[in-house]
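The values are calculated or read from the model by the stated rules, or taken from the named source; none is laboratory data. Since the model is a prediction, treat every value here as computed from it, not as a measurement. No Cβ is skipped: glycine too gets one built from the backbone with ideal geometry, and neighbour counts run over all protein chains shown. These area figures cover heavy atoms from the full protein model, side chains too; ligands, DNA and RNA do not enter into them. Shrake-Rupley method; radii C 1.70, N 1.55, O 1.52, S 1.80 Å.
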Amino acid sequence: MGMGIPTTVLRKAREEAGIKQGDMAARLGVSSNSVVSRLERTDSTDEAMARRYLEAIDTDGSRAILTFYSRDWSISDRPAFGHPDQELLWSAEQALQELTRFEGSEDYDALLAAPINLFRTNLLGAAEFLGKVEHSLAWIGSVGVGKTTALSHLTNLMVPGPGDRPQPVFPASGGRTTTSEVAIRTAPAFGIMVEPKPEDEVRLIVGEMVRAAAEGAGGVSTEIDRAIRNMAELKRRKNPSDPRSFIDPIKEMIEAGGGDQDDVVQDIVNRMRLEQRTETQMILSETTVNGLEWLSKNITAINFGQHARFSLPQRVTVFVPESAMRKSGYRLNVIDTKGILGTTERADLMAHLAEPRTLSILCCAFNDAPGTEALKIAKTLQELRLDAVERQRVILLALPRGDEALKVITEDGEPPEDAAEGYAIRAMQVEDSLREAGVPPIPVLFFNAMEESAPDVWSALCRQIDAMRSRQHERLTRFVALSHDLVSNTDAARIQQARITLAEEVERMVRDYRKLPNVIRPAHQRLLDELQTSHASSIAAAVARRGNWDNFEMHFMIGSGVRADANLRTAELFSRINGRLDALTGRFSNTREAQALVETLAEELSEWQQEFLARALTIGRNTFKPYLDKAEGFWSNLWARYGQGSGYRDDIAAMVREWFEETPELVEARNKIDARLTDAWDELVLQQLVEATRISDDEVAL
């Protein structure tokens, strides 16, 4: 075997064989089971002892472990035993070793260096992706849709509630509950880590609360309002003269101070005792019995502003042992995103959707599935040419309540016979809605937290992760076969001629497609669209922060606008390049290795397109930001409009449009964007094509 074996693997083999430690000691010929116990407490067991241990168990499982660890794994990383793709990864390792041996053999021709390097790079890249079993589940949905409840049931993170009825570990009570994004990660022990909001941001939020109390408009989200009131001990109290109303102590403070809002803001911040709320993490004491109940108690207190040592959270990370979560073939992190209230054009959501190892779960109510927010996100993905749907990283999760599934109507006008038929009808309607909206189909699941089998739906989510990985699975399988064919049936001269033809065609494409078309859609258009549909209080909060607010990040929207325009301007160019590559594939039909060169180039072109469009967003955001930062009058005028009567959103949109279209200095900004996009197009697409097909002078001489 040539290496130690993790002792957990040995212990699991013994337990699966039904052998107790005492019986194991007898099989090993040692004096007592304490020897076995001490061995199983170590991290790793040396080769000789591991072999002796596994041979003593003598089951199919123990023999499989021996076979796995006896393999010579010298190039790629050896996966853990039990990895879902361990046999395919072993095939890749064998292919890599075969290529290395071939390079040192008499049959090797230097003309094959480039194809071999291409195959090796793809084998290693796909093996690296598949070798890791870490993935994330990002739960995305509107406020109150039930995503926190659903994820708690599906991950099995539940605690006993009233009457011993299971309830979620996390605060979930019909929406407007969670103050921040919550990430759940596996770790050896239970723990909580809090990233607090900066004190300046807390002061801004308090200012918005005070202004809302004074003027009767705007304000902050219910969950943030509740947390701050708890921290400052300023909870509303029942009105003794009118049981249907409450008395607001913040209004009383404003009245007592003669209307001076700044003094009230300072008083509330003082009452919050931020100087005492400096802790950022806590770990479960070893003496605490129930880790999930400890977690639920403390995370609820932090979320509601009731924990004296923690400030208002920006983001919370919860650590749980792997055994506490529902089992999966993968090591899963779970992200409960901040509920959508208004715009879906958020940097945090798009980051999850762009991450190659993250499955984004778009949660929606059953009765309006696919839901306004999910449909808008799907359209955004298409407009920005973000490949999440294409790469199977998105799934819809409709969340029925009660007997909603039994109230849909069949084509005959009759109710369904059971919930399963109701789900099938709604799934067809979802498919129709997506098609009518002009977006690609998205898989849909259904989960009623009060009635459905959580393990079944959890298994379906895990199968979607299988689907996410399938592209790399197919890629690795293909290059294992190609590597074997190259070594067994090589035609170096024909491959070299194909490479020359490909390089010449790429040179022609670079000349033909160097110039980008002119702007099609202005950079600020997406911002204008969001201003027309978002909540006035969200817009005002963003204006108060000069566009830098997580829930309405204007700079990100401008960057998205540049990305959307870059997609429109280059879509035809990418299509033409792909068409010419397809034509080459047909010309190389008699040389499989040459076809692989072209097919791989087309795959890489898709990756380069994503890199170029991501760069476009960054260019747009960063180029306009300095101009916005110094536009004092612009922000002052936007701020002054708030609270001045109806038509706020239309007026703000008109003011933003005028600034972008009438400000002379922005001609310079737009010229910079064009120049930077041209540079990015050349660097990330054209030059990548050239480098991928380049033939050196030495190769030509061969």
Exercise. Kindly indicate whether any position in the stretch 124-138 is modelled with pLDDT of 95 or more, within 23 Å of T372 (Cα to Cα) and not aromatic (F, W, Y).
Key: yes
Quiz item: Being under 24 Å from V169 (Cα atoms), surrounded by 14 or more Cβ atoms within 10 Å (Cβ to Cβ) and in contact (Cβ under 8 Å) with a residue 60 or more places away in the chain, is that true of even one residue in the stretch 251-267?
Solution: no
Quiz item: Could we say that D629 is of a type in the set (D, E) and over 26 Å from the mean Cα position of the chain (by Cα) here?
Solution: yes
Self-check item: Test set (1) under 30 Å from Q472 (Cβ atoms); (2) surrounded by fewer than 20 Cβ atoms within 10 Å (Cβ to Cβ); (3) of a type in the set (A, V, I, L, M) - L123 fails condition number
Solution: (2)
Practice problem: Residues being in contact with a Gly (Cβ under 8 Å, 6 or more places away or on another chain) and open to solvent by less than 20 Å² (accessible area, probe 1.4 Å): count how many of those fall in the stretch 5-35. | Solution: 1
Quiz item: List pairs: first in the stretch 378-404 and under 21 Å from G559 (Cβ atoms), second charged (D, E, K, R) and assigned to a helix (DSSP H, G or I), Cβ under 7 Å, 6+ apart or cross-chain?
Solution: L384/R563
Exercise. Output the qualifying pairs, or none if there are none: Cβ atoms under 7 angstrom, residues six or more apart or on different chains, first residue in the stretch 414-432 and on the phi < 0 side of the Ramachandran plot and assigned to a helix (DSSP H, G or I), second residue open to solvent by 50 Å² or more (accessible area, probe 1.4 Å) and not β-branched (V, I, T).
Key: A419/L406; G422/L406; E431/P441
Quiz item: Can you spot a residue in the stretch 544-553 that is assigned to a helix (DSSP H, G or I), hydrophobic (A, V, I, L, M, F, W, C) and open to solvent by less than 10 Å² (accessible area, probe 1.4 Å)?
Solution: no
Quiz prompt | Cβ pairs under 6 Å, 6+ apart, first in the stretch 33-62 and farther than 10 Å from T7 by Cα, second open to solvent by less than 50 Å² (accessible area, probe 1.4 Å) and modelled with pLDDT under 85 | solution = E47/M1
Quiz item: Regarding T280, is this residue under 32 Å from the mean Cα position of the chain (by Cα) and crowded, with 16+ Cβ neighbours inside 10 Å?
Solution: no
Quiz item: Are any residues in the stretch 467-496 without any contact (Cβ under 8 Å) to a residue 60 or more places away in the chain and either part of a helix (DSSP H, G or I) or touching an Asp or Glu at 6+ places or on another chain (Cβ under 8 Å) (or both), and if so, which ones?
Solution: E474, A481, S488
Self-check item: Cross-chain or 6+ apart pairs with Cβ under 8 Å, the stretch 616-632 first and farther than 22 Å from W681 by Cα, then open to solvent by 60 Å² or more (accessible area, probe 1.4 Å) and not in a helix (DSSP H, G or I)
Solution: Y627/E665; L628/R546; D629/R546
Quiz item: If you go through the stretch 460-515 one residue at a time, how many are of a type in the set (S, T, Y) and closer than 22 Å to R393 by Cα?
Solution: 2
Practice problem: Would you check which residues across the stretch 579-627 are of a type in the set (S, T, N, Q) and either open to solvent by less than 20 Å² (accessible area, probe 1.4 Å) or in a helix (DSSP H, G or I) (or both) and list them? | Solution: T585, T591, Q595, T600, S606, Q609, Q610, T618, N622, T623
Quiz item: When only residues in the stretch 418-458 that are under 17 Å from L396 (Cβ atoms) and polar (S, T, N, Q) count, which is least open to solvent (accessible area, probe 1.4 Å)?
Solution: N448
Quiz item: Consider F660 against the criteria (1) within 29 Å of the chain's Cα centre (by Cα); (2) surrounded by 15 or more Cβ atoms within 10 Å (Cβ to Cβ): it satisfies all of them except one. Which criterion is unmet?
Solution: (1)
Quiz item: Among the residues of the stretch 148-158, how many are open to solvent by 10 Å² or more (accessible area, probe 1.4 Å) and on the phi < 0 side of the Ramachandran plot?
Solution: 4
Exercise. Scan the helices (runs of 4 or more DSSP H) fully inside the stretch 23-129 and keep the ones with 3 or more residues being more than 28 Å from R469 (Cβ to Cβ) and of a type in the set (A, V, I, L, M).
Key: 33-40, 47-57
Quiz item: Of all residues in the stretch 36-46 being of a type outside the set (A, V, I, L, M, F, W, C) and more than 40 Å from the chain's Cα centre (by Cα), which is least open to solvent (accessible area, probe 1.4 Å)?
Solution: S37
Quiz item: When you go through R576, R563, R569 one by one, which is the residue that is closer than 15 Å to T618 by Cβ, in a helix (DSSP H, G or I) and basic (K, R)?
Solution: R563
Exercise. Return yes when A503 is modelled with pLDDT under 95, in a helix (DSSP H, G or I), surrounded by fewer than 19 Cβ atoms within 10 Å (Cβ to Cβ) and on the phi < 0 side of the Ramachandran plot and no when it is not.
Key: yes
Quiz item: Out of all the residues in the stretch 136-147, which are open to solvent by 10 Å² or more (accessible area, probe 1.4 Å) and either closer than 21 Å to K327 by Cβ or among the hydrophobic types (A, V, I, L, M, F, W, C) (or both)?
Solution: S136, V143, V145
